[in-house]
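The block underneath contains the structure these notes are about, expressed in structure tokens.
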Amino acid sequence: MSENEKIVNRPHPDRFYRAIKAGTQIVVDELFGIENCASLTRGSKSSFSNFTNINETSFIGADQIADLEHHIGDCPITTELARIQGKALVDLPSPNNDKNWMMEFANLARQSGKALDKLAHAMNDDGKVDAQEIIDLNLRKRTQTLIQSLVNLEAKFDETEKQAEREKRRNN
């Protein structure tokens, strides 16, 4: 990217924008290349080449993200966009989820224990968690799994309360 193409005064550090490019590359790889991506949504082969090139200032559009993430059944770009905004992206529970809330609670306890054990292990040597420990101990994935367990438990509480309200209305 030439100096006069460089965008200045962006609100986030460069690493966030590189993460969007990396997420886009994951999608392109999952869909077997830029040519296939261009055939599945709007855009040309050259535009998708630019979307994955860290030296280019162009980024993939929201509609293209939605189309392509639908095709791979995952959302690496959307996950990065959420992270940039300080948010965590979690799957919403399936309406056909047949686990009861006690099973969700047990899962939450198990996931909490695993995450806390790994976190304590990371902090054991110097009282800190460094970037390599986050990677080596898979702390990000463990945290995401824990968040997902909380979302599932919250959904079970909501479902239980709604069912109680329906029964109450039927009985009145």
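Coupling constants for the stretch 61-66 follow from the phi torsions by the Karplus curve (6.51 cos²θ - 1.76 cosθ + 1.60, θ = phi - 60°), and in residue order they are x, 4, 5, 5, 4, 4 Hz; glycine and proline get x.
Computed over the chain with a Gaussian network model linking Cα atoms closer than 10 Å, the most mobile of S112, S49, S39 is S39.
Charge tally around D130: other residues with Cβ under 14 Å, Lys/Arg +1 each, Asp/Glu -1 each, net -1. The alpha-carbon positions of the stretch 101-171 define a convex hull whose volume is 73 Å³ per residue. Under 18 Å from a label point set 7 Å out along the Cα-to-Cβ vector of A82, the amide N atoms of the stretch 130-167 belong to 139-156.
When restricted to Cα atoms, the stretch 30-172 yields an Rg and a Dmax of 20.8, 66 Å, respectively.
Given their separation in residues at 0.36 nm each and the Cα-Cα distance between them, H12 and I135 gain 42.0 nm when the chain is fully extended.
For H71 and R169, what does the FRET efficiency come to when R0 = 41 Å and r is the distance between their Cβ atoms, rounded to the nearest 0.05? Step by step, r from the Cβ atoms, then E = 0.45. Other residues lying with their Cβ under 15 Å from the Cβ of T143 contribute a combined charge of +4, Lys and Arg counting +1, Asp and Glu -1.
As a calculated quantity, the FRET efficiency between D91 and E159 at R0 = 22 Å, using C-beta atoms, amounts to about 0.85. For the stretch 112-128, the Karplus equation 6.51 cos²θ - 1.76 cosθ + 1.60, evaluated at θ = phi - 60°, returns couplings of 4, x, 5, 5, 5, 4, 5, 5, 4, 4, 5, 7, 4, 7, 9, x, 10 Hz by residue, with Gly and Pro reported as x.
For the stretch 160-172, backbone phi angles converted through the Karplus equation (6.51, -1.76, 1.60; θ = phi - 60°) give residue-by-residue couplings of 5, 5, 5, 5, 5, 5, 4, 5, 5, 5, 5, 7, 8 Hz, Gly and Pro being listed as x.
The numbers here are math on the coordinates, done by the rules we state, and not lab data. Please read all numbers here as calculations on a predicted model, not as lab measurements. No Cβ is skipped: glycine too gets one built from the backbone with ideal geometry, and neighbour counts run over all protein chains shown.
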